[in-house]
1. Of all residues in region 79-104, count the ones that are part of a helix (DSSP H, G or I) and among the charged types (D, E, K, R).
2. Just the residues that are farther than 19 Å from R95 by Cα, crowded, with 17+ Cβ neighbours inside 10 Å and among the aliphatic types (A, V, I, L, M), please, taken from region 10-45.
3. Inside region 1-34, can you point out the residues that are within 17 Å of I67 (Cα to Cα) and not in a helix (DSSP H, G or I)?
4. State yes or no: is Q114 modelled with pLDDT under 95 and not hydrophobic (A, V, I, L, M, F, W, C)?
5. For region 35-64, which residues satisfy the criterion of being assigned to a loop (DSSP other than H, G, I, E, B) and either at positive phi or touching a helix residue (DSSP H, G or I) at 6+ places or on another chain (Cβ under 8 Å) (or both)?
6. Where residues in region 65-78 are without any contact (Cβ under 8 Å) to a residue 24 or more places away in the chain and assigned to a strand (DSSP E or B), which of them is surrounded by the most Cβ atoms within 10 Å (Cβ to Cβ)?
Amino acid sequence: MDSEQLEKLVVDALEEIKAIDITSIDVRDRTSICDVMVIATGNTNRQVKSLADSVVMKAKAADQQPIGVEGQQAGEWVLVDLGDVVVHVMQPQIREFYSLEKLWEMAPTDVTKQEP
């Protein structure tokens, strides 16, 4: 499954459980960690956990075993690593505080080393 198909699977899984403000960011030109980051909001710990569970279940059903899932216990911010697609599901205050969209949507800058 390519990253575009995996991204669609993730977005569909999040929409099914009524995630809020789903955002996909193509980060291929900024990092080698993954191709796409999907960020979504859940209003409560329970909804955040359910959203992440939905992503994991849909991925497994499509033979895409998650590499890792972090943050399930607290339910404030759950990260699901699917390799080419990394999913962040957060409560509103956590999402606002960390502003991942602003961080990853910034245009890459050309940093050149200057000699003294």
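The values are calculated or read from the model by the stated rules, or taken from the named source; none is laboratory data. Please read these numbers as outputs of a predicted model, since none were measured by experiment. Heads up, the Cβs are rebuilt from the backbone with ideal geometry, glycines too, and the neighbour counts pull from every protein chain shown.
1. Final tally of qualifying residues: 4.
2. A13 - this is the single residue of region 10-45 that is farther than 19 Å from R95 by Cα, crowded, with 17+ Cβ neighbours inside 10 Å and among the aliphatic types (A, V, I, L, M).
3. M1, D2, S32, I33, C34
4. yes
5. Within region 35-64, D35, G42, N43, A62, D63, Q64 meet the criteria.
6. Top of the filtered list is V69.
Conditions tested, residue by residue: (1) within 12 Å of I25 (Cα to Cα); (2) at pLDDT 65 or above; (3) within 14 Å of the chain's Cα centre (by Cα).
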{"site": "A74", "(1), (2), (3)": "no, yes, no"}
{"site": "V89", "(1), (2), (3)": "no, yes, yes"}
{"site": "Q93", "(1), (2), (3)": "no, yes, no"}
{"site": "Y98", "(1), (2), (3)": "no, yes, yes"}
{"site": "E105", "(1), (2), (3)": "yes, yes, yes"}
{"site": "T109", "(1), (2), (3)": "no, no, no"}
